[in-house]
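Here the structure comes first, spelled out in structure tokens, and everything after it is commentary.
The values are calculated or read from the model by the stated rules, or taken from the named source; none is laboratory data. Keep in mind that this is a model prediction, so the values were computed, not measured. Here Cβ is always computed from backbone atoms with ideal geometry, including for glycine, and neighbour counts include all displayed protein chains.
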Ligand code: HEM
């Protein structure tokens, strides 16, 4: 229940943020991304263990909530651009993260269905999006 309330909180935040996007919780993007990485590592560690599937599904749900949070934050690389350019690129950024979001739901479903054999392919697609997103939106001095 707490989890469901947490998600509706994020969705409410999305709905209320309107044009003045910003993370309602005030977290910066790097912090949210670090959280995504931690969930990703936890999932990878136990992804082939069916006895951990319930927990892996919850970790996938956590990951999806962090992705929604990341979507609400304009990447620092874009903030100094002229407004029209920034807004256009911010739409592209959210579209890319939307793809990651759908994959996180596929991941949760695979764990809930006990389809551990499908998990690796989903994680590989997510990792490809990570590389794509970082090449486009991480400021050069921060890339690694
Ligand atoms: C599972 C996928 C992903 C993981 C695990 C991940 C993880 C990370 C990590 C660990 C950082 C470095 C944080 C730091 O210490 O400064 C980071 C930064 C960043 N990521 Fe991701 N990322 C993922 C996907 C994406 C995608 C799809 C995008 C864009 C659409 C993206 C955009 C960014 C940006 C812009 C930063 C720089 C944040 C800043 O400097 O403030 N990431 N990410």
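Of all the residues that make up segment 67-81, how many are part of a helix (DSSP H, G or I) and near the ligand (Cβ under 9 Å from one of its atoms)?
Qualifying residue count, segment 67-81: 6.
Is segment 31-47 home to any residue that is surrounded by 12 or more Cβ atoms within 10 Å (Cβ to Cβ), outside any helix (DSSP H, G or I), modelled with pLDDT of 95 or more and touching a helix residue (DSSP H, G or I) at 6+ places or on another chain (Cβ under 7 Å)?
Yes, that holds for at least one residue.
Against the conditions (1) under 19 Å from residue 33 (Cβ atoms); (2) at pLDDT 95 or above; (3) not in a helix (DSSP H, G or I), where does residue 128 fall short? Just the number, please.
(3)
Scan (1) touching a residue at least 60 places away in the same chain (Cβ under 8 Å); (2) under 14 Å from residue 57 (Cα atoms) for the single condition residue 122 breaks and write down its number.
Of everything listed in (1) touching a residue at least 60 places away in the same chain (Cβ under 8 Å); (2) under 14 Å from residue 57 (Cα atoms), residue 122 misses just condition (1).
Being under 22 Å from residue 141 (Cα atoms), more than 10 Å from the ligand (Cβ to nearest atom), under 17 Å from the mean Cα position of the chain (by Cα) and in contact (Cβ under 8 Å) with a residue 24 or more places away in the chain narrows it down to one of 57, 27, so name that one.
One residue alone meets the criteria, 27.
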